[in-house]
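The values are calculated or read from the model by the stated rules, or taken from the named source; none is laboratory data. Bear in mind the structure is a predicted one, so any value in this text is a computation, not a measurement. As a convention, Cβ positions derive from the backbone with ideal geometry for all residues, glycine included, and neighbour counts pool all protein chains shown.
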Amino acid sequence: MKTIKRLGFILVLTAMAIGCNTSKITSSWKAENTTLQKYNRILVLCLTREADRRIQENMENHLVGDLKDLGYTAISSLGEYGPKTFEQMDETTAIAKLKNSGIDAVITIVLLDKKKERKYIPGNIYATPYGYYFSSLWGYRTTLYHRIYEPGYYVTNTKFFWESNLYDMSTQKLVYSVQTQSFDSDNSESMGHEYGRKIVKNMVKQQVLKNPE
């Protein structure tokens with residue numbers, strides 16, 4: 001009985017661990033006739049509200065790190081230029097500034113929307129993801145009794161809707177776009193980490209980026 005309950009608890013923890021992936025790509029697009037490029041210097045530019053500055057910092061830094069792991073020279077807009085450098089610039093001035101800095105590609109990260117979701121968590125922890133497996137009738141009855149009568153609780157998570165675009169500075173054209181949903185439990189560090197890995201992996205898969213020689 002105890003062994004089976006322990007097994008159920010382990011299965012619950014396993015399911016929770018699998019569910020810890022906080023980001024998923026919902027769609028991606030690549031321009032026609034796009035060829036693999038070896039960009040020399042990529043700028044990562046995250047656009048968020050000022051209240052989300054910490055999120056901006058984590059999203060930029062992690063994507064920069066993942067691009068560097070791939071072999072690219074990448075820089076954070078926040079770290080390189082500060083939070084308000086481009087606010088008072090027109091397009092011509094901003095583009096000239098980037099080109100003078102040797103930037104030949106820009107990857108934007110835009111927080112399109114975020115919504116709060118409320119989810120009910122049952123009180124009984126021995127319910128496995130696949131049902132209730134017990135060798136005795138009374139064990140089954142006891143577990144179901146607690147499942148029904150023990151109060152659960154509500155948790156509130158925030159769902160973030162992101163869009164990232166890759167622009168080639170030589171043509172000023174959009175090369176690649178990807179839409180992503182992220183679930184964050186008050187940890188923008190882990191969200192940024194997972195987001196960066198997924199975006200870079202997808203760009204390589206879509207043959208937008210390649211390993212520099």
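Condition first: of a type in the set (Gly, Ala, Ser) and touching a strand residue (DSSP E or B) at 6+ places or on another chain (Cβ under 9 Å). Now tell me which residues in segment 25-80 satisfy that.
Result: SER27, SER28, ALA31, GLY65, ALA74, SER76, SER77.
Please find, among GLY102, GLY65, the residue that is closer than 21 Å to LEU209 by Cβ, assigned to a loop (DSSP other than H, G, I, E, B) and out of contact with any Leu (no Cβ under 8 Å at 6 or more places or on another chain).
GLY102
How many of the residues in segment 1-52 are under 25 Å from the mean Cα position of the chain (by Cα), part of a helix (DSSP H, G or I) and either of a type in the set (A, V, I, L, M, F, W, C) or modelled with pLDDT under 50 (or both)?
Final tally of qualifying residues: 8.
Tally up the residues in segment 68-92 that are surrounded by 11 or more Cβ atoms within 10 Å (Cβ to Cβ) and assigned to a helix (DSSP H, G or I), please.
8
Residue-wise test of (1) within 20 Å of SER23 (Cβ to Cβ); (2) among the small types (Gly, Ala, Ser).
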position	(1), (2)
ARG54	yes, no
GLU57	yes, no
MET89	no, no
ALA105	no, yes
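Among the numbered criteria (1) out of contact with any Phe, Trp or Tyr (no Cβ under 6 Å at 6 or more places or on another chain); (2) at negative phi, which one does GLY82 miss?
(2)
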